[in-house]
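Bear in mind these aren't lab numbers, they're just calculated from the coordinates by the rules spelled out. Computed from a prediction, not measured in an experiment: that's the story for all the values here. Cβ coordinates were reconstructed from backbone atoms using ideal geometry, including for glycine residues, and neighbour counts include every protein chain displayed.
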Amino acid sequence: MRVPTRGVAVVLGFALPALADDAKKPAAAPPAPKPEAALTSTFQPDVGTWACAGKMKFGDKEFATKSQFVMRAELGGFLYAGEYQVAKSAAMPAGMKGHIHWAWDPVSKKLIEFGVDSFGNIFRGTSDGFQGDTAVWNEEGTFDGKPAKTRTTVKRSGKELTVTSELDKDGAWVSMGQDHCQRK
């Protein structure tokens with residue numbers, strides 16, 4: 001049986017350049033990475049602006065506070081950033097400002113945070129995220145220029161966040177204050 005060479009040549013003439021074009025095409029890009037679900041589920045519901053009212057305690061002094069907290073997602077949701085501002089008052093003539101950043105640590109499999117305020121205090125902490133309606137942050141840093149361990153508990157209840165701050169004083173947790181925040 002005779003194979004028509006001209007027919008094979010025509011088919012190959014069209015097929016080979018097409019195959020060569022396929023070889024030149026770059027491979028499909030891998031899917032974009034996604035933030036860890038624990039990070040997203042912990043912070044995405046709270047993105048926005050919050051108005052807070054509460055009480056703060058320094059030593060034996062306790063006083064009322066009003067503050068605002070703004071949270072946003074950054075870096076494609078791999079980082080959440082928060083800024084807070086406590087209004088000036090007789091007890092806090094300069095008020096207070098601070099920044100906090102949160103992310104996911106894939107090695108420890110924990111949420112991590114780092115914060116700084118306008119009093120020079122710093123803290124870093126970890127959390128397992130929300131367990132039901134409550135997330136607990138265990139933190140270390142400085143408070144009034146001295147090493148400190150603190151604990152922050154965040155509770156969601158409907159459209160309100162309750163944030164409770166405590167200081168480890170000689171092995172016992174002492175209240176530093178509590179805020180009740182409503183979404184603006």
Item to complete: Would you mind checking the tilt of helix 5-24 against the longest principal axis of the Cα atoms of the chain, expressed as 0 to 90 degrees and rounded to 10?
Response: 10
Fill in: Residue-averaged 222 nm ellipticity for the chain, from DSSP H runs of 4+ at -39500 (n - 2.57), nearest 500
-4500 deg cm²/dmol
Fill in: Within the chain: Cβ-based charge dipole about Cα centre, in debye rounded to nearest 20 (Lys, Arg +1; Asp, Glu -1)
660
Fill in: Length released on extending from Lys57 to Gln85, taking residue separation times 0.36 nm less the Cα-Cα span
8.4 nm
Worksheet, complete the sentence: Expected unfolding gain across Val107-Val70 under the 0.36 nm per residue rule, minus the alpha-carbon gap, is 10.5 nm
Discussion item. Please list 3J(HN,Hα) in residue order for segment 171-184, calculated via the Karplus relation 6.51 cos²θ - 1.76 cosθ + 1.60 where θ = phi - 60°; whole Hz, with x for glycine and proline.
Written reply: x, 10, 7, 10, 5, 10, x, 8, 10, 10, 10, 10, 5, 7
Item to complete: Could you pull the Rg and Dmax for segment 68-184, using just the Cα atoms, both in Å?
Response: 14.4, 45
Worksheet item: Mean separation of Cα pairs under 8 Å and 6+ residues apart, divided by the residue count of the chain: what relative contact order is that in percent?
Response: 15
Worksheet item: Which of the lysines could a cross-linker span from Lys109 if the Cα-Cα distance has to be under 17 Å and same-chain partners fewer than 8 positions apart are dropped?
Response: Lys34
Practice prompt. Note down the nm distance, to one decimal, between modelled labels 7 Å out along Cα→Cβ at Thr153 and at Lys24.
Written response: 6.7
